[in-house]
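The values are calculated or read from the model by the stated rules, or taken from the named source; none is laboratory data. Bear in mind the structure is a predicted one, so any value in this text is a computation, not a measurement. Cβ sites come from the backbone with ideal geometry, for glycine too, and all protein chains shown count toward neighbours. When the accessible area is computed, the model is the full protein with side chains, heavy atoms only, and any ligands, DNA or RNA have been set aside. Shrake-Rupley method; radii C 1.70, N 1.55, O 1.52, S 1.80 Å.
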Amino acid sequence: MQQLVIQGPSKWDGEIQIEGAKNACLPIMAATLLVQGEVRINNVPSLCDIQSMLALLKDLGAQAKYKDKLLVTNIEQDICSVASYDLVKKMRASILVLGPLLARTGFAKVSLPGGCAIGARPVDQHIKFMKALGADVVVSEGFVVAKAPEAGLQGCDFHFDVITVTGTENAIMAAVLARGKSILRNASTEPEVLCLIEFLVSCGAKIKVAESFIEIEGVSSLTAPRSVFTVIGDRMEAGTYLIGAMMVRGSIKVRGIQPGILEHVLDLMRQAGAEIKVDEDEKTISLVMKRRPKAVSICTNVYPGFPTDLQAQWMSLAAVSEGESLITETIFENRMMHACELMRMGAQIEVQGNKARVRGVEFLTAAPVMASDLRASASLVLAACCAIGETLVQRIYHIDRGYADIEGKLSKLGVNIVRQLQLMEV
Ligand code: EPZ
């Protein structure tokens, strides 16, 4: 395994290019299974999760190649409809091939993604929707097995019991080729879901996003868009680096991100004392932090609320802010594990259930810490950048799932960081 060795504290000053959104690319890659012809998708980040989805598409029979952020796929008529456990276990988002395979071939057998560190991560809503389209769906021997009726999938009026991002995405991809109209109520409208919808519409899907529902008119087939489709910027990567600049009281300019999709987070950053300038046309956000951040409480919520994928990073910020703040996690049942690792670095945090009370300290101190999930690992890297001494962040395979070239980007900002082989876990 590998670890990151980070000398702190650092002072950031510089600019970085934000990658395409991982959580928009993954559903769009799955959606290429629905499309006839060669599809070209740009701004696809070089990440382990992207490689996992690429491997899955190829295993299903797709022609797919990826180079310099450009992904080209071509799905022949006969594709396999069985997504193996070996591939699905590598990444939960593999469940996103369920909808497209069922819609395109009338059959899908996808390994159930297990839970993960942050929660049980059930897929009951995904299954409930496929059944509502008329599919026969059973879960057996660790697989979801779905079979469309002879007459084909039939559109439906469906209300999600919980707002689920990939559940909504799977539903959209299953409904776009179903007969008739589908209405998705209580659906997710995260920017990454809207980016998937934009991609599908560019392939000829008929989808409308209203205030409180998504309406889909089934079509007989989808064809590749004439031009390259460009994925939106990754708001979680951008938010992570902006929070880091606040923690080290530095300055940063992030390029390739629409400021509007981070509006609520930017407002909270201003409340904490950050000076922020945005340019929607240029797709840039500039931040300067001249003094110690002031403590600001957050409560995670679905878009446009505070994103759960920035909660761990905000907890690191709270750990060095002036005053006391309350961090509340409402999306996942176990997304506070980074708190223990931050406490090893001197953070004053009291966790009770899904709430963490944080009393800011002037400086954190370096320590060997261990990442538990993708965003927790990012929060530990940020803490290491402002801690005094040398921090070892272990199990960084988590971070490589969602942050391309993190040591290159941080070095460019002025951080003393190296990746090395981890001989043993301390
Ligand atoms: C997506 O996961 C993201 N992953 C997650 O990002 C993100 O944290 C999450 O949405 C919330 O925004 C991708 O897009 C690939 P959910 P997803 O279904 O879709 C419950 C990262 O860091 N639920 O919106 O799996 C569930 O237990 C990752 O990039 C059901 O009960 O999350 C959770 O409490 C981590 N039944 C809540 O809904 C279901 O059928 C939201 O989960 C589905 C979900």
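Just a few scattered comments:
- Taken over the stretch 59-103, the criterion of being assigned to a helix (DSSP H, G or I), surrounded by fewer than 23 Cβ atoms within 10 Å (Cβ to Cβ) and more than 22 Å from the chain's Cα centre (by Cα) is satisfied by Asp59 alone.
- The stretch 379-399 residues that are at positive phi, paired with ones that are small (Gly, Ala, Ser) (beta carbon under 7 Å, 6 or more apart): Gly389/Gly8; Gly389/Ala366; Arg395/Ala371
- In summary, Val209 fulfils each of the numbered conditions (1) touching a helix residue (DSSP H, G or I) at 6+ places or on another chain (Cβ under 7 Å); (2) within 16 Å of the ligand (Cβ to nearest atom) with the single exception of condition (2).
To keep it simple, each residue is scored yes or no on (1) within 16 Å of the ligand (Cβ to nearest atom); (2) modelled with pLDDT under 90.
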| position | (1), (2) |
| --- | --- |
| Glu76 | no, yes |
| Ile79 | no, yes |
| Leu96 | yes, no |
| Ala117 | yes, yes |
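- Verdict on Gly167 being modelled with pLDDT of 95 or more and more than 16 Å from the ligand (Cβ to nearest atom): no
- Looking only at the stretch 122-135, and only at residues there that are assigned to a loop (DSSP other than H, G, I, E, B) and open to solvent by less than 60 Å² (accessible area, probe 1.4 Å), the one that is modelled with the lowest pLDDT: Val123
- Among the residues making up the stretch 292-343, those that are assigned to a loop (DSSP other than H, G, I, E, B) and of a type in the set (Val, Ile, Thr) are Val296, Val302, Val320, Thr330, Ile331.
- Just one of the numbered conditions (1) in contact with a strand residue (DSSP E or B) (Cβ under 7 Å, 6 or more places away or on another chain); (2) open to solvent by 50 Å² or more (accessible area, probe 1.4 Å); (3) assigned by TED's automatic domain parsing to the domain that holds Gly106; (4) not hydroxyl-bearing (Ser, Thr, Tyr) is not true of Glu15: (3).
- Taking each residue of the stretch 92-105 that is within 19 Å of Thr223 (Cβ to Cβ) and looking for partners that are assigned to a helix (DSSP H, G or I) and within 11 Å of the ligand (Cβ to nearest atom) with beta-carbon atoms closer than 6 Å, six or more apart or interchain, yields Gly99/Asn170; Pro100/Ala30.
- Some residue of the stretch 373-387 being surrounded by fewer than 24 Cβ atoms within 10 Å (Cβ to Cβ), in contact with a Cys (Cβ under 6 Å, 6 or more places away or on another chain) and not aromatic (Phe, Trp, Tyr): no
Conditions tested, residue by residue: (1) open to solvent by 70 Å² or more (accessible area, probe 1.4 Å); (2) of a type in the set (Val, Ile, Thr); (3) in contact (Cβ under 8 Å) with a residue 60 or more places away in the chain.
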site: Val144; (1), (2), (3): no, yes, no
site: Lys147; (1), (2), (3): yes, no, no
site: Gly152; (1), (2), (3): no, no, no
site: Phe158; (1), (2), (3): no, no, no
site: Val162; (1), (2), (3): yes, yes, no
site: Thr166; (1), (2), (3): no, yes, yes
